[in-house]
Amino acid sequence: MPAETSAHERVTVIEPPAGWRLLNWREMWGYRELLWVLATRDVKVRYKQTVLGAAWAILRPLLTMAIFTVIFGRLAKVPSDGYPYSIFVYAGLLPWTFFASAVSASGQSLVGSAPLVSKVYFPRLFIPLSSIGSGLADLLVSTVILLLMMMWYRVGWTPRLAATIPLLALLIVISLAVGTILSAATVAYRDFTHITPFIVQIWMYATPVVFPLSLVPQRWRWVFYLNPMTGVIEGFRSAFLGRPFDWIALGSSTSAAIVLMAVGASYFGRVERRFADII
Amino acid sequence: MTRSAIVVESLGKEYAVGVAERQNVTFYDVVSDWVRAPLERIRKFAGRVEEADRFWALRDVSFDVAEGEAIGVIGRNGAGKSTLLKILSRITAPTVGRATIRGRLASLLEVGTGFHPELTGRENIYLNGAIMGMTRREVIEKFDEIVSFAGVEQFIDTPVKRYSSGMYVRLAFAVAAHLEADVLVVDEVLAVGDAAFQRKSLNKMSDVAKRGRTVLLVSHNLGAIRNLCTRTLVFESGTLRFAGGVTEGVALYERSFASAGAGFEHTQFRGPLAEQVGFDSLVFRQGGEIVDIVDPLLPATIELHGHATRTFPTVDLKIAFFRDGVQVASCHDTPAEARMSEGEFTSRFDFPPDVFRPGRYMIGMGAVAAVGTWVWGQDVVAFDVSENRGGRSADRSEGLIGLPYRSERVQ
């Protein structure tokens with residue numbers, strides 16, 4: 001709802017919504033502590049009442065890697081640009097797992113928070129935003145594992161590792177943009193509850209996660225460049241394995257991220273006022 | 001008179017009934033609507049389907065609340081009170097009009113929103129506080145006060161899913177009550193907790209009001225409105241019917257129950273007697289007050305108003321209670337069939353405490369004059385019995401209805 005809030009004396013004006021509008025950054029800043037509280041809530045709750053607890057954060061990516069290594073590396077003999085397939089696939093799975101879980105979690109987040117949305121007001125965008133908290137925690141754990149595995153496989157650490165920080169920012173922006181759009185769409189059309197897992201699954205095979213981009217014929221590569229996740233996955237892989245970056249992929253990812261973010265923010269801003277009425 | 005804390009100007013909220021009812025819109029619906037839309041438009045052009053699928057939950061409401069006032073908002077279910085509160089709390093947007101609020105507004109539309117069952121009491125205090133807009137520093141300052149108000153000191157590091165429902169509600173209310181807001185909007189939270197905690201909550205709210213904060217209280221508890229409020233707003237079918245003194249407001253609200261206009265629809269009744277014996281309205285009274293929601297721990301009286309177009313030598317009149325389609329009991333207004341005179345009648349049924357169980361009952365009612373001459377209305381009116389979490393007896397006995405009984409253990 002359009003609401004102007006001044007700091008010295010808070011006066012809130014509530015009026016009917018008027019078309020498209022940008023997000024209310026000042027208000028979100030005022031609520032910033034809530035974002036943190038909501039994100040840490042998910043992390044805290046995640047492994048409560050599980051026997052293995054936080055060990056799942058280590059086990060899940062390792063098991064996935066093992067399965068992919070056997071199926072794609074050994075049986076299907078997918079090439080891995082000369083690196084051990086385990087390391088190769090893990091370096092791609094790391095950002096991909098984050099993306100997949102962030103998109104699924106934030107896509108469902110609004111509908112899952114229906115009691116909250118219909119009972120109390122706070123910036124609605126925080127719900128999809130905070131839902132990536134536990135994914136980030138997992139990502140941190142898996143990164144440490146990868147660094148240890150690299151030592152084991154004698155893949156050296158290079159200064160390129162520093163690139164993971166801007167890459168992480170890019171990854172978060174893309175995941176949040178896609179997740180936010182899906183979360184708002186899911187409120188209006190529950191079909192997305194069923195569609196989202198398919199989108200994520202198909203998207204993985206349209207992204208060089210389990211295979212290298214070099215496997216894709218040159219004339220088809222532009223299709224992959226249209227996929228913003230191509231640049232991110234290849235970027236992470238290059239950063240970890242210390243090989244040169246694919247600047248075309250990175251550039252197209254970054255521009256796609258900016259477009260997605262703009263579309264996501266304005267779409268969300270447009271529909272968020274109706275959430276309580278239709279959720 | 002001081003400044004205004006809340007100014008509401010011609011506020012209205014319209015729901016498209018189609019949207020409100022059809023919660024899970026699917027692609028199929030969108031596609032089929034899209035196909036049907038041209039037809040619909042033609043029909044609209046021809047002047048049909050107009051108001052039917054639009055519904056004003058709130059219409060042309062204007063009022064002014066001065067700083068430090070305690071306002072009681074009353075009205076029957078569906079009168080627009082909740083919609084007003086949702087707009088003021090910014091949960092939903094108005095369709096027309098404008099509301100201006102000076103200062104920080106905190107709303108307690110339901111206690112415990114955002115509580116997470118897996119988290120401990122301590123963690124939930126921080127979570128709930130943040131959701132309601134408190135900063136971490138504020139929560140830390142108030143922490144001990146909140147815990148002791150709720151009386152959960154021993155369990156503060158236990159996940160709230162292990163709390164009794166009484167403890168849960170007390171903790172939730174305690175967090176909300178300690179929020180430093182300039183305008184406090186409260187809906188029905190007083191219907192929770194046991195009598196002692198309800199009194200404590202009321203005192204807390206009157207404290208808030210005395211300290212110059214503005215309070216907007218929506219409640220069916222007219223006693224609480226009388227004790228706490230300085231002014232009332234009475235809503236009826238989405239419009240503001242009255243704004244003014246508490247005594248007049250409460251009286252007006254009570255009259256709305258007795259008036260035939262607010263009573264039953266006569267089409268609900270069938271049978272050969274339907275034209276001759278009419279049922280007009282039914283109210284629940286507890287402690288002399290008309291209530292919308294029945295407190296299971298208090299005695300209750302049902303007053304049924306009706307009329308007869310002629311005198312009958314014998315009439316057996318009964319009301320029956322249904323729960324999930326099962327008739328749990330029926331009650332008759334006279335020990336045996338008795339004469340009914342032409343004109344209006346009132347049948348009164350008194351119930352001891354602990355008869356009704358939390359949840360919703362449907363009431364059917366009817367009369368038999370002679371074999372084959374009868375009138376019956378099924379599911380004429382519904383009533384809700386409040387959850388008396390933390391109450392004494394409701395916790396142990398089970399079933400659709402409570403039995404009056406005495407018991408002892410002899411050893």
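Of note, B:GLY80 does not satisfy the criterion of being facing chain A (nearest Cβ under 7 Å), within 30 Å of B:ARG360 (Cβ to Cβ) and either buried (at least 23 other Cβ atoms within 10 Å of the Cβ) or aromatic (Phe, Trp, Tyr) (or both).
Conditions (1) open to solvent by less than 50 Å² (accessible area, probe 1.4 Å); (2) more than 26 Å from A:GLU33 (Cβ to Cβ); (3) out of contact with any helix residue (DSSP H, G or I) (no Cβ under 9 Å at 6 or more places or on another chain); (4) at pLDDT below 90, marked per residue:
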| site | (1), (2), (3), (4) |
| --- | --- |
| B:GLY133 | yes, no, no, yes |
| B:GLU141 | no, no, yes, no |
| B:GLY151 | yes, yes, no, yes |
| B:VAL160 | yes, no, no, yes |
| B:VAL183 | yes, no, no, yes |
| B:LEU202 | yes, yes, no, yes |
| B:SER206 | yes, yes, no, yes |
| B:ALA209 | yes, yes, no, yes |
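When segment B:94-107 is limited to residues that are open to solvent by less than 10 Å² (accessible area, probe 1.4 Å) and under 22 Å from the mean Cα position of the chain (by Cα), the one that is farthest from the other protein chains (Cβ to nearest Cβ) turns out to be B:ALA106. Taking the conditions (1) within 14 Å of chain B (Cβ to nearest Cβ); (2) within 17 Å of A:MET229 (Cα to Cα) in turn, A:LYS119 satisfies each one other than (2).
Can you find a residue in segment A:14-28 that is open to solvent by 60 Å² or more (accessible area, probe 1.4 Å), of a type in the set (A, V, I, L, M, F, W, C), under 19 Å from B:ILE131 (Cβ atoms) and at pLDDT 80 or above? No: zero hits.
If you go through segment B:336-362 and pick out every residue that is aliphatic (A, V, I, L, M) and surrounded by 20 or more Cβ atoms within 10 Å (Cβ to Cβ), you end up with 1.
Entry remark, segment A:73-88: residues being more than 21 Å from A:PRO217 (Cβ to Cβ) and either surrounded by fewer than 13 Cβ atoms within 10 Å (Cβ to Cβ) or in contact (Cβ under 8 Å) with a residue 60 or more places away in the chain (or both) number 6 in total. A count restricted to segment A:36-67 and to residues that are open to solvent by less than 80 Å² (accessible area, probe 1.4 Å) and modelled with pLDDT of 90 or more stands at 1.
Residues are listed down the side, and each one gets a yes or a no for (1) in the same structural domain as B:ALA209 (by TED's automatic domain parsing); (2) modelled with pLDDT of 90 or more:
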| residue | (1), (2) |
| --- | --- |
| B:GLY47 | no, no |
| B:LEU58 | yes, yes |
| B:SER62 | yes, yes |
| B:VAL65 | yes, yes |
| B:GLY68 | yes, no |
| B:ILE71 | yes, yes |
| B:ALA93 | yes, no |
| B:GLY97 | yes, yes |
| B:ILE101 | yes, yes |
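Taking the criterion of being under 24 Å from B:PHE264 (Cα atoms) and either out of contact with any Leu (no Cβ under 9 Å at 6 or more places or on another chain) or outside the structural domain of B:ASP316 (by TED's automatic domain parsing) (or both), the residues of segment B:340-357 that qualify are B:SER341, B:GLU342, B:GLY343, B:GLU344, B:ASP350, B:PHE351, B:PHE356.
For B:ALA224, are the conditions met, namely being under 19 Å from B:GLU69 (Cα atoms), part of a loop (DSSP other than H, G, I, E, B), in contact (Cβ under 8 Å) with a residue 12 or more places away in the chain and open to solvent by less than 10 Å² (accessible area, probe 1.4 Å)? No: the conditions fail for B:ALA224.
Taking the criterion of being under 30 Å from B:GLU67 (Cβ atoms), more than 7 Å from chain A (Cβ to nearest Cβ) and in contact with a strand residue (DSSP E or B) (Cβ under 8 Å, 6 or more places away or on another chain), the only residue of segment B:108-132 that qualifies is B:LEU108. Across segment A:251-273, the qualifying residues are those that are in contact with a helix residue (DSSP H, G or I) (Cβ under 6 Å, 6 or more places away or on another chain) and either within 14 Å of chain B (Cβ to nearest Cβ) or buried (at least 20 other Cβ atoms within 10 Å of the Cβ) (or both), and the one among them that is nearest to A:ILE174 (Cα to Cα) is A:ALA257.
Going through segment B:70-120 one residue at a time, which ones are of a type in the set (A, V, I, L, M, F, W, C) and part of a helix (DSSP H, G or I)?
Taking segment B:70-120 and keeping what is of a type in the set (A, V, I, L, M, F, W, C), we get B:70-71, B:73-74, B:79, B:84-85, B:87-88, B:91, B:93, B:96, B:99, B:101, B:105-106, B:108-109, B:111, B:115, B:119.
The answer is B:LEU84, B:LEU85, B:ILE87, B:LEU88.
The values are calculated or read from the model by the stated rules, or taken from the named source; none is laboratory data. Values in this document were obtained by computation on a predicted structure and should not be read as measured data. Please note: Cβ atoms are built from the backbone with ideal geometry, for glycine as well, and neighbour counts cover all protein chains shown. Heads up: the accessible areas ignore ligands, DNA and RNA and are worked out on the full protein's heavy atoms, side chains in. Shrake-Rupley method; radii C 1.70, N 1.55, O 1.52, S 1.80 Å.
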